[in-house]
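Read the structure below first, then the notes.
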Amino acid sequence: MERETLEFDVVFVGAGPANLSGALHLARLVKQNASLGDIEIAVIEKGSAVGSHILSGAVMDPKALRELIPDFEEQGAPLESPVKEDYFLYLTPKFALRSPITPPPLKNHGYYIVSLNRLTVWLGEKCEEAGVNIFPEFPGADLLYDENDRVLGVRTGDKGIDKEGKRKPNYEPGVDLRAKVTVLGEGPRGSLSKQLIERLGLDEGREPQVYSLGVKELWELPDDRYPTGRVTHTLGFPSDTATYGGGWIYGMQNRVLNIGYVTGLDYKDPLIDPHAEFQRYKTHPYIARLLEGGKMLRYGAKTVTAGGYFAIPRMYADGVLLAGDCAGLLNPQRLKGIHSAIKSGMLAAEVIYEALVAGDFSAKQLQRYEQVVKESWIIPELRKVRNFHSAFKHGRWPALINAGLQFVTGGRAWGIFDRDRSVAGHEEMKKLSNYGYRDDRLEQRYKDLRFDGKLTFNKVTDVYHAAVGHDEDQPAHLHVLDTNICSTRCAEEYGNPCQRFCPAAVYEMVEDGGNGNRRLQINFSNCVHCKTCDIMDPYQIINWVTPEGGGGPDYKGM
Ligand SMILES: Cc1cc2nc3c(=O)[nH]c(=O)nc-3n(C[C@H](O)[C@H](O)[C@H](O)COP(=O)(O)OP(=O)(O)OC[C@H]3O[C@@H](n4cnc5c(N)ncnc54)[C@H](O)[C@@H]3O)c2cc1C
């Protein structure tokens, strides 16, 4: 098969804040050095446009954006509002108790509420103005290596393959994009990053990465009951004390409310359904009152990394760097990663610039990236909260005491919770019988939850509001390596938790042959690319790979 090869100097995989900032910074740096000649920089993105797969909270700490574009406000960066007030609420099942003080990590004075989707589109425009080539609908499907495992670039996915794997009339083979340096900025659980980390053992000696899943809706309110610029964080209901979880409510412009709930993907109860947790969250009297008479506009779900400092893999190898969330640089205590993504992209650009000047793209040269990330504010910020998430293994209250202690001790946890995380999140899930359940009836956990189509929505309705689209005549991009396990061991031991942890109703156990047998049906066209299945499957037999370019959600305004 003939494949086109395109030569670039640097290819950035993923058009998120990390890589767009990196590409922009690099384009400016190389322009100042005529002796380098024309340096070709490309950014590829699997979504149909820059920003279409970007989902975040988001309250942005602007310090990195200010380093990249000092006058970003004057230049018209799309900002919803400066944060004007912070609320911290503890929710019991009936009451919302406002804390008289906002815990320091949740203070957002000087920060901005943004739609990260819009901010990313804006950064993409800045990149194009600076001469960066941006290719939407180009999923990075495989990394290209030489015989010594040096990364040579990326192969994009083929187009026009039908669901049987045969070529359709519109078949186009993927392109080989060769580069001196490839930067992976794929966000959490990147599919190429996962391959690379495994192949080169980049996580050797580090703790396994753990994740959380954020599920979010945008609502239009009928009046000004929730002011633009107010930021509320909540703890308590509906999470049980053994499960990591919390909610957010941000006031955007034009009476739009941004509301969401995050559930730790290291939960023990096999019946947990993060989408249902969020729907229950909205039934709390305080939240239900807030949303009364409003209209749900948009839905989305995406994972974040939560492992922090101890789970950062080696971020360089021959010809390749990892930036942003795919290197796990998000601060799990603040649930903030936009600033560190932008900063890591900029640092990657500076190290690549030095490599271009030196003409050396080996791991020896690129290891400087890890050094400059350590010397920047990224690593000190993460070190101060290094034991935050792992303490939740012991339940909510010990973890909160630990969070307070860490604040005083600069991250130490008195040896109680230090380096406590030795297993990946999916290993924490207990079998149904070990959790005291006899079967997988959801009502055992969500007995009061009804989907009324006004306040609460089922997954299919929500997915409609994520504007997801995939050509259905293509091979499923969710590879289940052994489907026999689904109808036998998994059904018995965990009650097929994929049906619950997936926030987009992709996985369904359906009748098979009418004799009581069931088989797994994969509704891949619903997939919102959150990667939860790849992370949380208890047998680790689900492999998320990139679908045909342009497929997936469309997170306008999210
Ligand atoms: C629900 C939620 C709430 C959050 N709240 C906040 C907050 O309030 N404040 C804050 O600072 N941070 C917040 N974050 C975290 C923040 O969004 C991330 O830290 C940040 O977006 C990371 O940027 P990134 O560039 O590393 O990755 P991403 O933003 O994930 O971007 C990665 C891009 O790469 C593309 N991509 C992935 N794989 C491929 C591939 N193989 N080929 C081509 N393209 C690919 C994706 O489609 C995507 O466009 C939140 C995140 C979530 C999910």
Checklist outcome for this item: Taking the range 491-524 and keeping only residues that are in contact (Cβ under 8 Å) with a residue 60 or more places away in the chain, over 20 Å from K216 (Cα atoms) and among the small types (G, A, S), one is left with G495
Checklist outcome for this item: If we keep only residues of the range 323-337 that are farther than 16 Å from E207 by Cα and touching a Ser or Thr at 6+ places or on another chain (Cβ under 6 Å), then the residue nearest to the ligand (Cβ to nearest atom) is G324
Checklist entry - Do we find that V121 is β-branched (V, I, T), in a helix (DSSP H, G or I) and either within 13 Å of the ligand (Cβ to nearest atom) or under 26 Å from K302 (Cα atoms) (or both) in this structure? => result yes
Checklist outcome for this item: Residue set V385, V372; condition away from the ligand (no atom under 13 Å from the Cβ), surrounded by fewer than 23 Cβ atoms within 10 Å (Cβ to Cβ) and in a helix (DSSP H, G or I); output residue V372
Item to check | Residues located in the range 63-78, provided they are surrounded by fewer than 20 Cβ atoms within 10 Å (Cβ to Cβ) and within 19 Å of L335 (Cβ to Cβ) | outcome: K63
Checklist outcome for this item: Of the residues in the range 67-94, those that are aromatic (F, W, Y), in contact with a Pro (Cβ under 8 Å, 6 or more places away or on another chain) and touching a residue at least 40 places away in the same chain (Cβ under 8 Å) number 1
Checklist entry - If G214 passes every condition in (1) near the ligand (Cβ under 9 Å from one of its atoms); (2) surrounded by fewer than 16 Cβ atoms within 10 Å (Cβ to Cβ) but one, which one does it miss? => result (2)
Checklist entry - When you scan the range 128-172, how many residues do you find that are more than 10 Å from the ligand (Cβ to nearest atom), closer than 23 Å to P553 by Cα and in contact with a Leu (Cβ under 9 Å, 6 or more places away or on another chain)? => result 2
Next on the checklist: For the condition surrounded by 19 or more Cβ atoms within 10 Å (Cβ to Cβ), touching a residue at least 12 places away in the same chain (Cβ under 8 Å) and either in contact with a Lys or Arg (Cβ under 8 Å, 6 or more places away or on another chain) or at negative phi (or both), what is the one hit in L119, L144?
Outcome noted: L119
Checklist entry - more than 15 Å from the ligand (Cβ to nearest atom) and over 16 Å from A323 (Cα atoms) - does that describe any residue in the range 181-196? => result no
Item to check | Among (1) in contact with a Ser or Thr (Cβ under 8 Å, 6 or more places away or on another chain); (2) surrounded by fewer than 17 Cβ atoms within 10 Å (Cβ to Cβ) - the single one G160 does not satisfy | outcome: (1)
Checklist entry - For the range 437-549, list the strands (runs of 3 or more DSSP E) that sit wholly inside it and hold at least 3 residues that are at pLDDT 95 or above and within 20 Å of the chain's Cα centre (by Cα); which are they? => result 542-544
Checklist outcome for this item: For strands (runs of 3 or more DSSP E) lying entirely in the range 222-276, having 3 or more residues that are at positive phi picks out none
Item to check | Condition check for A34: surrounded by 18 or more Cβ atoms within 10 Å (Cβ to Cβ) and outside the structural domain of G404 (by TED's automatic domain parsing) | outcome: no
Checklist entry - For the range 189-220, what are the residues that are within 17 Å of G14 (Cβ to Cβ) and part of a helix (DSSP H, G or I)? => result S191, L192, S193, K194, Q195, L196, I197
Checklist entry - Does L271 count as touching a helix residue (DSSP H, G or I) at 6+ places or on another chain (Cβ under 7 Å) and either hydroxyl-bearing (S, T, Y) or in the same structural domain as D203 (by TED's automatic domain parsing) (or both)? => result no
Checklist entry - Does N148 satisfy the criteria of being polar (S, T, N, Q) and outside any loop (DSSP other than H, G, I, E, B)? => result no
Item to check | Tally, over the range 267-287, of residues that are more than 16 Å from the ligand (Cβ to nearest atom) and either in contact with a Leu (Cβ under 6 Å, 6 or more places away or on another chain) or more than 13 Å from G247 (Cβ to Cβ) (or both) | outcome: 11
Next on the checklist: Would you confirm whether or not the range 175-189 contains a residue that is buried (at least 16 other Cβ atoms within 10 Å of the Cβ) and closer than 16 Å to P475 by Cα?
Outcome noted: no
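The values are calculated or read from the model by the stated rules, or taken from the named source; none is laboratory data. This one's a predicted model, so the numbers in the text were calculated from it and none came from an experiment. We place every Cβ from the backbone using ideal geometry, glycine too, and count neighbours over all the protein chains shown.
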